[in-house]
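Report on the structure given below.
Just so it is clear, none of the values below were taken in a lab; they were calculated from the coordinates. Please read all numbers here as calculations on a predicted model, not as lab measurements. Note that each Cβ is placed from the backbone with ideal geometry, even for glycine, and that neighbours are counted across all protein chains shown.
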Amino acid sequence: MNLKGRHLLTLKDFTPAEIHYLVDYAAELKLKKKSGEVGALLKGKNIVLIFEKASTRTRCAFEVAAFDEGANVTFLTNSQMGKKESIEDTANVLGRFYDGIEFRGFKQETVQLLAKYSGVPVWNGLTDLYHPTQVLADMLTIQENFGNLKGRRLVYVGDARNNMGNSLMIGCSKLGMHFVAVAPKILFPEEGLVEEMKTLCETTGGSVTLTDDIKTGVKDADVIYTDVWVSMGEEDQMAERIKLLLPYQVNMDMIKATGNDQVIFLHCLPAFHDLETSVAQEVKEKFGISEMEVTNEVFRSRHSVVFDEAENRMHTIKAVMCASLVG
Ligand code: CP
Ligand code: NVA
């Protein structure tokens, strides 16, 4: 498999074999790191990380992955791009300095323009529409827990029309998994994408199901997955989302309703499961709730593998960079 020169803008652009390759390559790089071997696959490469939105995992994953394999990085948050300078011109400049570009921000169009005009591989570190590097880490985590991916049932509960809902639906459809979105109808993913994925499933053996019924939706899940109810950039919708999604909170009753004692809980993080943060404190004062998309009990339970999942961000992002820069 040779992915040299490839962008990662959405997993839609990748074949099932290519996605499996990236997940397996990440597992290999994870073992390499754990063995203490010092890497040099990216020696001499320069990488720029553009962040319009906040990040802990994605930024650190790109940086540590790059350092582990000998690359240099620039973290760019206050550039001229989109303000005094067009994305096209910025892409032209950055492509002359750097071997690869990561972008996290609002519009999918921005990451597409960077890819079009930079002449170097571009990686989507999250846009309003997609979060493909997260899904690679999720797939690695599921594979580590169950030994395989095909035929597994991933139930995504909550805001099913956000970047995670979209990207998980794509990832599952590609890999012949069963994707179930459990959400109020108003938060179902966009119809065009759902139809596209259902058609894809005819060839991969996967399936896509949308339901607002929690009990039937979570039954037989291998994975219960949730994400924040309000994504970055949608903060003004907090009150409405809490009203819509409170019944869909992942709690122990929901975990039990899967009927699967071995079910795992995943969350891309950050998660609102307690009151340690300033934003959570604000929510408590305004709306009188202390837990949102997942209860503390589930978050800290034996089902929860969210920190393995977070660690896997680094190994999978390393695989993506090495595959597209070295081949
Ligand atoms: N999951 C994820 O993308 O985390 P960050 O927002 O911290 O990068
Ligand atoms: N849906 C979330 C994901 C964060 C990693 C957001 O876009 O804010």
What length, rounded to one decimal in nm, is gained on full extension from Lys219 through to Asn2, with 0.36 nm per residue of separation minus their alpha-carbon distance? 74.2 nm
Here, segment 1-100 modelled as identical Cα point scatterers in vacuum has Debye log10 I(q)/I(0) at q = 0.15 Å⁻¹ of -0.79
Using the Cα centre as the reference, give the magnitude of the dipole from point charges on the C-beta atoms of the chain (Lys, Arg: +1; Asp, Glu: -1; all else neutral), rounded to the nearest 20 debye. 720 debye
Distance from the Cα centre of segment 201-245 to that of segment 72-91, in angstrom? 34 Å
Set Lys and Arg Cβ to +1 and Asp and Glu Cβ to -1, take the dipole of segment 217-327 about its Cα centre, and tell me which of Pro270, Ser304, Leu244 lies farthest positive. Ser304
From Cα coordinates alone, what are the radius of gyration and Dmax values for segment 137-292 in angstrom? 15.4, 50
Normalising by the residue count of the chain, find the relative contact order in percent from Cα pairs under 8 Å and 6+ residues apart. 21 percent
7 Å from Cα along Cα→Cβ at both Arg96 and Gln281: what's the point-to-point distance in nm? 4.8 nm
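What does the extension gain come out to for Lys53 and Thr209, with contour length at 0.36 nm per residue minus their alpha carbon separation?
Working: separation 156, 0.36 × 156 = 56.16 nm, distance 3.08 nm.
Contour length minus Cα-Cα distance gives 53.1 nm.
Taking the Cα centre as origin and putting +1 on Lys and Arg beta-carbons and -1 on Asp and Glu beta-carbons, what dipole magnitude results for segment 205-263, to the nearest 20 debye? Show your work: numbers first, answer last.
Values: 5 positive and 11 negative charges, 45 e Å.
It works out to roughly 220 debye.
Inverting the mean 1/r over all pairs of different Cα atoms, compute the Kirkwood radius of the chain and quote it in Å.
Working: mean 1/r = 0.0497 Å⁻¹.
Roughly 20.1 Å, rounded to one decimal.
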In segment 266-312, if every C-alpha pair distance is counted and binned at 10 Å from zero, what percent goes to each bin? 27, 48, 22, 2
On the formula 1/(1 + (r/R0)^6), with r taken between the Cβ atoms of Ala40 and Lys243 and R0 of 56 Å, the FRET efficiency rounded to 0.05 is 0.60
Cα gyration tensor category, rounded, prolate or oblate, for segment 203-283 with a/c compared to 1.5: prolate
I'd like to know which of Pro16, Leu200, Asn260 lies farthest towards the positive end of the charge dipole of the chain, counting +1 on Cβ of Lys and Arg and -1 on Cβ of Asp and Glu. Pro16
Modelled label-to-label distance, Asp308 and Asp274, 7 Å Cα→beta-carbon offset: nm? 2.1 nm
Going through the DSSP H helices of the chain, which span 24 Å or more along their own axis at the Cα atoms while scoring at least 0.0 as a mean Kyte-Doolittle hydropathy? 306-325
Partners for Lys32 among lysines (Cα-Cα distance below 17 Å; same-chain residues under 8 apart left out): Lys43, Lys318
